[in-house]
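The values are calculated or read from the model by the stated rules, or taken from the named source; none is laboratory data. Computed from a prediction, not measured in an experiment: that's the story for all the values here. Note that we place each Cβ from the backbone using ideal geometry, even for glycine, and neighbour counts take in every protein chain shown.
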Amino acid sequence: MNDTRSTLRSYILAIAVWIATFVVAMKIGAVTDASVDVLVELRLPRTLAASAIGAGLAVSGAALQALFANPLCEPYTLGISSGSALGAVLGASLGLNWMFSGLVGTAFLGALLFAGILYLISLREEVGSLTLLLTGVMMGFLGTSLVSIWLALSDANGIQAAILWLFGDLTRVRLDGAVFTFFGVAALCVFIWMRWRDLDALLMGEEDAISMGVEISSVRRRLILLISLMIGLCVSAGGMIGFIGLVIPHFVRKTVGSLHQRLIPLCAVWGAVALVVSDTLARSAVRPYELPVGVVTALVGAPAFLWIMIKRRGIR
Amino acid sequence: MSSRHRVPPLLLSFVLLVGIFETKTVSARELRDALGTSVRLSDQPSRIVTLAPSLGELVADLLEDDLTKIVGVSEYTDYPPALASVTSIGSYTNFSIEKVISLHPDLVFATTDGNSEAQIDRLRALGVPVVVIKGENFSDFQASIVTLGLALGLEKRGLEMVEQFKRGIENFSVRARLRKPKRVLMQLGDDPMITVGNKSFLNQAITTVGAQNIFGDLDARYPKPSIETVVQRDPDVIVVVELGKDVKVFQRMVEKWQHLPSLKAVKTKQVRLLKADALIRPSLRMLEGLSLLERAIYE
């Protein structure tokens with residue numbers, strides 16, 4: 001009873017903070033007395049997309065960490081984001097414009113492909129979590145360098161656009177795209193959340209999971225599919241934004257524990273808060289210029305990654 | 001013919017080098033270029049390579065009818081039209097050194113505004129006389145014409161062209177003084193939006209026609225400020241600069257501003273497309289480009 005109440009309280013707190021940061025983000029900008037069109041055309045799409053993408057990345061991170069039983073997994077470190085960016089960039093250069101108001105269809109396929117490769121490798125028994133993590137990092141490099149080929153071949157405008165893909169950027173998001181991303185991510189979050197029992201079981205390790213009656217391979221397959229869709233959606237809207245998926249689950253786990261029934265929703269809301277704050281920083285730190293939001297999340301996230309790794313004193 | 005492939009490239013370039021040096025030592029003139037390097041030149045250069053479209057255009061202007069002396073140009077050199085059929089040495093940002101050498105030039109023109117210094121140094125190390133000019137503002141531009149004229153042995157023609165350019169600019173200044181300066185956003189690209197800062201000659205183009213660049217305070221050539229700062233600075237006119245053949249991209253840029261109806265330029269219907277091929281080439285055609293810009297801002 002007490003437990004439910006504290007859970008409820010943590011939900012309310014998180015949502016209140018999200019609403020507050022949302023409002024502040026809508027108020028902050030170069031124009032002090034912003035008119036309706038500035039709010040609706042420039043600030044609302046970004047803030048909405050930042051909320052959605054932050055939530056999506058944090059939930060994907062939490063789920064991946066359970067799936068691979070390794071707290072250092074996240075879309076960015078596992079290279080899935082860069083697969084998605086590669087898909088987007090290849091799609092653009094091959095003229096496959098499966099676009100929906102700023103979202104890119106081929107980014108989904110890229111995410112799916114890279115996640116699939118990673119999954120196949122993870123099926124091999126001798127592969128430990130550190131190997132898997134490094135595999136992901138290498139796949140990330142591979143994806144990024146393939147993107148660079150396209151970069152070398154395109155004109156100056158194309159290069160600018162590709163650089164924004166690689167660093168993550170929310171300036172391109174239009175309102176309809178942001179709304180679509182928001183509801184898409186919300187739906188996928190619910191689908192992932194509905195598997196909280198499976199996620200809990202996976203976190204305990206495969207043998208325990210099997211003894212609890214979890215059908216490991218089908219659970220993994222479904223989760224990989226859901227997570228890939230989520231990452232594909234997030235990257236196609238905002239490019240490669242790193243470390244939200246790592247840092248948020250880590251801190252949420254510290255406050256409410258590792259059970260996914262609570263972890264997933266709280267990750268979603270705090271992820272949204274983190275990216276809205278990052279984006280507000282990104283667009284107000286160096287006026288009249290803007291930083292790509294991925295730079296801000298990496299500046300905070302990379303040291304956090306190291307700190308988590310050192311605190312765990314060695315991963316196997 | 002087939003045995004030619006077996007000549008070691010090193011030997012081949014050595015032979016070429018000797019050839020170049022020989023023509024050089026016949027009669028030597030010295031010239032100090034925009035980078036302060038002194039370049040030895042032959043009296044009557046007759047095999048000229050230009051490493052940027054603007055240079056092709058300027059050299060053609062100086063040579064008047066004698067375009068056969070231009071034996072190599074960079075890609076996209078299309079004005080005057082006769083230059084479009086001259087051998088290409090590749091794009092100005094990354095031209096082929098071997099291609100330049102194979103043309104046996106006795107004079108190569110390069111610009112700091114686009115050509116890589118490393119590549120210029122390579123050419124010089126191979127014994128090719130390279131004259132470098134600067135193209136960042138109008139006074140650089142005038143100095144370049146003088147330098148180019150000197151290098152070609154056409155000093156008088158060079159000075160004439162400078163006079164012509166000065167007179168043209170003076171005409172704009174006279175009109176500019178009579179005007180209330182309009183505040184202008186010049187847009188070069190989208191996603192991210194690219195505009196013009198005070199390091200670009202385009203900033204000078206804006207002030208020459210009597211207008212004021214809203215991002216003239218930014219110390220860069222082509223900065224990328226946020227859209228919201230455009231709203232904050234609220235220009236009177238937005239000029240979208242149209243380059244190349246794909247017009248649709250630029251029309252879309254114009255349309256996109258309509259989503260921000262609170263902008264003064266949108267309210268007063270002053271978001272305009274400017275065909276800028278003439279404006280962005282630092283040659284005498286720039287005068288033509290300036291009057292197009294003047295019309296786009298003040299029509």
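Write out, first by first residue and then by second, each pair whose Cβ atoms fall under 6 Å of each other, whose residues are 6+ apart or on separate chains, and whose first residue, in region B:92-110, is assigned by TED's automatic domain parsing to the domain that holds B:Leu63 while the second is assigned to a helix (DSSP H, G or I) and hydroxyl-bearing (Ser, Thr, Tyr).
Sorted first by the residue in region B:92-110, then by its partner, the pairs are B:Asp106/B:Thr23.
Among the residues that make up region B:116-130, is at least one of them surrounded by 15 or more Cβ atoms within 10 Å (Cβ to Cβ), within 18 Å of B:Ser200 (Cβ to Cβ) and not assigned by TED's automatic domain parsing to the domain that holds B:Val209?
no
Quickly run through region B:179-190 and pick out the residues that are within 16 Å of B:Leu243 (Cα to Cα) and within 13 Å of another protein chain (Cβ to nearest Cβ).
Residues satisfying the conditions are B:Gln187, B:Leu188, B:Gly189, B:Asp190.
State all residues of region B:221-235 that are of a type in the set (Asp, Glu) and out of contact with any helix residue (DSSP H, G or I) (no Cβ under 6 Å at 6 or more places or on another chain); if no residue qualifies, say none.
Matches in region B:221-235: none.
Do we find that B:Ala176 is of a type in the set (Gly, Ala, Ser) and surrounded by 16 or more Cβ atoms within 10 Å (Cβ to Cβ) in this structure?
Yes.
Is there a residue being surrounded by fewer than 19 Cβ atoms within 10 Å (Cβ to Cβ), in a helix (DSSP H, G or I), modelled with pLDDT under 75 and within 14 Å of another protein chain (Cβ to nearest Cβ) anywhere in region A:162-185?
Yes: region A:162-185 contains one or more residues that are surrounded by fewer than 19 Cβ atoms within 10 Å (Cβ to Cβ), in a helix (DSSP H, G or I), modelled with pLDDT under 75 and within 14 Å of another protein chain (Cβ to nearest Cβ).
Can you tell me which residues in region B:194-233 are within 10 Å of another protein chain (Cβ to nearest Cβ), under 21 Å from the mean Cα position of the chain (by Cα) and free of Cβ contacts under 8 Å to residues at least 24 places away in the same chain?
Once the filter is applied, which keeps residues that are within 10 Å of another protein chain (Cβ to nearest Cβ), under 21 Å from the mean Cα position of the chain (by Cα) and free of Cβ contacts under 8 Å to residues at least 24 places away in the same chain, region B:194-233 yields only B:Ala220.
In region B:149-172, is there at least one residue being surrounded by fewer than 18 Cβ atoms within 10 Å (Cβ to Cβ) and closer than 16 Å to B:Ile297 by Cα?
No, region B:149-172 has no match at all.
Check B:Asp246 against each of (1) more than 13 Å from chain A (Cβ to nearest Cβ); (2) of a type outside the set (A, V, I, L, M, F, W, C); (3) farther than 30 Å from A:Leu39 by Cβ and name the one condition it does not meet.
(1)
Taking strands (runs of 3 or more DSSP E) that fall entirely within region B:18-137, which contain at least 1 residues that are modelled with pLDDT under 90?
Working: elements: B:29-32, B:38-41, B:48-50, B:70-72, B:107-111, B:130-133.
The strands (runs of 3 or more DSSP E) meeting that bar are B:29-32, B:38-41.
Where in region A:241-316 are the helices (runs of 4 or more DSSP H), entirely inside, with at least 3 residues that are closer than 30 Å to B:Val196 by Cβ and over 18 Å from the mean Cα position of the chain (by Cα)?
Output list reads A:260-284.
Pick from B:Thr68, B:Thr77, B:Thr87, B:Thr93: which is buried (at least 23 other Cβ atoms within 10 Å of the Cβ) and over 13 Å from B:Val108 (Cβ atoms)?
Matching residue, one of B:Thr68, B:Thr77, B:Thr87, B:Thr93: B:Thr77.
Here are some residues: A:Ala20, A:Ala58, A:Ala14. Which one is more than 10 Å from every other protein chain (Cβ to nearest Cβ), closer than 17 Å to A:Ile241 by Cα and of a type outside the set (S, T, N, Q)? Can you show your working first?
On the way: A:Ala20 fails: closer than 17 Å to A:Ile241 by Cα; A:Ala14 fails: closer than 17 Å to A:Ile241 by Cα.
Answer to the check: A:Ala58.
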